[in-house]
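Working notes, beginning with the structure itself.
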Amino acid sequence: MEINGVQIEDTYAEGFPIKVARVLITAISQRWAMEAAREATGFGTSVIMCPAEAGIECTVPANETPDGRPGVYIQICNMGYSKLEGSLLARMGQCVLTAPTTAIFNGLPEAEKQFDTGFKLGFFGDGYQCDLDYCGRKACRIPLMEGDFMAEHTIGAVDGIAGGNFYIEGQNQAASLTAAEVAVDEIRRQRGTITPFPGGVVASGSKVGSEKYKFMKATSNLNFCPSLREDGTCTLPAGVTSVYEIVINGIDRASIENSMRAGIKAACTVPGILRISAGNFGGKLGPHHFHLHELLG
């Protein structure tokens, strides 16, 4: 299979189950909503060592938010609901409550699982917090020096998927990185997914475990490292000198499939891209398999 002359390898991406909370942050301007979103999703690339995986899903205009202000959807992900609840409370309390003019709303009000995050944030008001109806949502009003902070009482979470991915293989680093940037830009126009690594792009694609160091949970995916071609370790096609991975987490399988499809097609518009592949580990990582040819068929 090819798209715009780019070979699509007949392989699949391997994802694993994860718990996902979705939050809408609003503010007086898009700038401040985004500042809070960036802060709240920091140090959130991988649960291998980060306390949570997190990322910005998309921006939304004022006419699509409960309080009529610009907004940003974010997702916070963890391996269990208990850890997720802790991550959610810490990040909302330390990174959004502290940001100018912000408010938070439930991004998954229909979810069966609901955390009382907004209610718990209220204790910062030291007894002067109060419950009220805010823009049709049950919320807590917390007095701050700048004014009042509004937090919807609950934040929903679902059983999501982490690790949807694809590899962009190019003739040179500039081409591969440009294609990765274009792919991430397109993915961020979708709903329901995040790309949790820096700028949405992974320079250090990894494999599960290690062949040499038993204490390592993950190590460099050596088969895709161009500098190891001479000794036969690298299995990349001739001409490929740089590879970037795009990792996608989402609230459900359909959302990840949609974002993978959009991102791959966007990457294939960049000159110098030779192949699109994906990362899988023979079932060692997880049960969710995303076959590229089926996605793009």
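All of the numbers you see were taken from the coordinates with simple rules; none came from a lab. Since the structure is predicted, the reported quantities are computational estimates derived from the model, not experimental observations. Counting neighbours? That spans all protein chains shown, and the Cβs are built from the backbone with ideal geometry, glycine included.
Below, the figures for the structure above:
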| item | result |
| --- | --- |
| Gyration tensor (alpha-carbon) shape descriptor, region 114-199, a/c threshold 1.5 | prolate |
| For region 151-262: rounded, prolate or oblate by the Cα gyration tensor [a/c cutoff 1.5] | oblate |
| Residue-span extension gain [Asp252 to Gln173] - 0.36 nm each, minus C-alpha spacing | 25.2 nm |
| Cleavage-rule hits, chymotrypsin sites (Phe, Trp or Tyr not before Pro), region 18-73, DSSP coil, Cβ neighbours within 10 Å at most 12 | Phe43 |
| Mean shadow area of the chain, taken as a quarter of the surface of its Cα convex hull (nm²) | 16.3 |
| Sorted peptide list for 201-212, 106-117, 264-275, criterion being average Cβ within 10 angstrom, highest first | 264-275, 106-117, 201-212 |
| Karplus-derived HN-Hα couplings along region 148-155 (A = 6.51, B = -1.76, C = 1.60, θ = phi - 60°), whole Hz, x at Gly and Pro | 9, 9, 10, 9, 4, 4, 10, 10 |
| Helix-only CD estimate at 222 nm, as mean residue ellipticity for the chain, using -39500 (n - 2.57) per DSSP H run (n ≥ 4) | -6000 deg cm²/dmol |
| Tensor-based shape of region 62-108 (alpha-carbon gyration tensor, a/c under 1.5 rounded, otherwise prolate or oblate) | oblate |
